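Here, each number is a calculation from the coordinates, and none is a lab measurement. Small disclaimer: the values here were computed from a predicted structure and weren't measured. FYI the Cβ positions are ideal-geometry reconstructions off the backbone, even for glycines, and counts take in every protein chain you see.
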Amino acid sequence: MAVKALLFLQWIIVSVLNLNPLLRSVLEINPHARVQAEEADRQRRSNSHHPRSFSHGVPMLLKDTIATDDKMNTTAGSYALLGSVVGQDAGVVEKLMNVGAVILGMASLTEWYSFRALAKIPNGWCARGGQAQLLQDPCGSSSGSAISMAANMVTVSLGSETHGSILYPADYNSVVRLKPTVGLTSRAGVVPISSRQDTIGPMARTVADAVNLLDAIVGFDPEDSEATSEAAQFIPDGGYKQFLNEDGIIGKDWGLITWNYSDSIRSGELMLLQAEFKSSVNEYLKELAISSVRSLADIIDFNQNNPELEKLEEYGQQTLIESERTNGIWEKERKAAEYLEKLSRDGFEKKMKDYKLDALVTPGISLAMTVLAIGGYPGISVPAGYQSVGMPFGIYFGGLKGSEPKLIEMAYAFEQATRLRKPPPQFFQLTNHFLFGTFWVLKGMVGFDFKDLLLTQPNILDPARSNTCLRGVRLKLKFRG
């Protein structure tokens, strides 16, 4: 018989309570989670939610910038927003609730997406949660989500990305991350940085789990109408799970990216992001139902008035101050935006189209991160191995806007051919059922025994299948500056 959503939730909560004091990757557990799980079980018994989404009854974490209209806080890791009340669920949360998902709680992050003090606040640190870390620097602001995945505390989570926050933590924590085309998922109700670059995407232990979660959250949202209506054209009939094809990598043409943008280009992006952050976060704060801070200036003042609480002396808030000094989007900012758009159009897009490439591929996210960020392009990272000291690294598939079907095919085929992800040995030993196929446990795995989750070490690689999905790959081009 299928595992009950409530039973699974209880096991997940025990996992969080046991590991979180060490990892610090979860800020709070949703007091409504039990009610949501009980409702999912009731719907299953009555068959009142048929056909069910793969997300039905599945506990998942949200990055602590994705608003929920309940008793949880949405704070971006800062005490300045503790106790604030949002007016409604974020757009992606509303979609999750409509398919019967269970919101487990809020994952930690680098405070204010690192935008409080770039290059000074440690990755994974926020005032509310302290330093979250598993085996190394968690990297990127969606660090709590990645650590919770890597430690097998939870099955899936939602993160956000402006510039590497989804893809970077995946590389450092051996999990799958999917960064959707900007606008494919709604940003309404999410603490913003830039409407040009912000996107919401899933993190999971497998490509299939990430894709099933993506299917649950894509689509038009009137609260983010311009971006979601434009991107809706990319959503395929039948959703994205149809592209989970073990042979999907065969015949695909890859481009290998071997250059990165210079500091001056990245600085142009930063200048624009600072201006966009001020205007967008001010708008977000004004719309809160209850809050003691209503502007970026208020946040800066809060930190100044609570230096010990926010560790102001150690980490400062220089990026917030620089953002506050901006005065909107004027000629300088518009030129920067036009320049970034030109780089994307005449650089990455032109080469992809000229050489008829299906995707760019890179074994390290640092080369691809800026390319995907400034153009609003999608990307998927998949565990690709471990260094000699045991630190994980990933492989990245990126493409043009709306190319998620091709990227999913390639990422899934690579994952199934290699099965390189391993659970952290110092915490749990898990079965293949738990490591490779979380959602199917809850969809009715006949004869599945809940205690099997803690019994055996998985066989990571089947030599008989190794590389069968990799035949026919053609590497046509090395991108050069």
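On the principal axes of its alpha carbon atoms, segment 278-353 extends 52, 31, 24 Å, with the longest extent given first. Taking other Cβ atoms within 10 Å as a rough exposure proxy, Trp254, Trp11, Trp112 sort from fewest to most as Trp11, Trp254, Trp112. Only lysines eight or more places from Lys401 in sequence, or on another chain, were considered; those with a Cα closer than 21 Å are Lys179, Lys241, Lys252, Lys342, Lys350, Lys351, Lys353, Lys356, Lys476, Lys478.
Fewest-first ordering of Phe397, Phe277 by other beta carbons within 10 Å of each residue's beta carbon gives Phe277, Phe397. Gain on full extension, evaluated as 0.36 nm per residue between Tyr355 and Glu283 minus their Cα-Cα distance, stands at 21.7 nm. Rg/Rh for segment 204-247 stands at 1.05; both radii use Cα atoms, and Rh follows the Kirkwood definition.
FRET efficiency for the pair Gln131 and Gln318, taken as 1/(1 + (r/R0)^6) with r the Cβ-Cβ distance and R0 = 22 Å, rounds to 0.65.
When peptides 400-412, 342-354, 57-69, 196-208 are ranked by their average number of other Cβ atoms within 10 Å per residue, the highest-first order is 57-69, 196-208, 400-412, 342-354.
Compared with the alpha-carbon gap, the fully stretched path from Leu309 to Ala297 is longer by 2.5 nm at 0.36 nm per residue.
Using the Cα gyration tensor of segment 55-164, with a ≥ b ≥ c the square roots of its eigenvalues, what is the shape: rounded (a/c below 1.5), prolate (a/b larger than b/c) or oblate (neither)? Oblate, because a/c is 1.5 or more while a/b does not exceed b/c.
Per residue, the average separation of C-alpha pairs within less than 8 Å and at least 6 apart gives segment 340-422 a relative contact order of 30 percent. With the simple model of a label 7 Å out from the Cα in the direction of the Cβ, Tyr386 to Ile329 spans 4.6 nm. Using 0.36 nm per residue and subtracting the Cα-Cα separation, the extra length available between Gln88 and Leu22 on full extension is 20.5 nm. Between Lys120 and Asp253, the simple spin-label model (points 7 angstrom out along Cα→Cβ) gives 4.8 nm.
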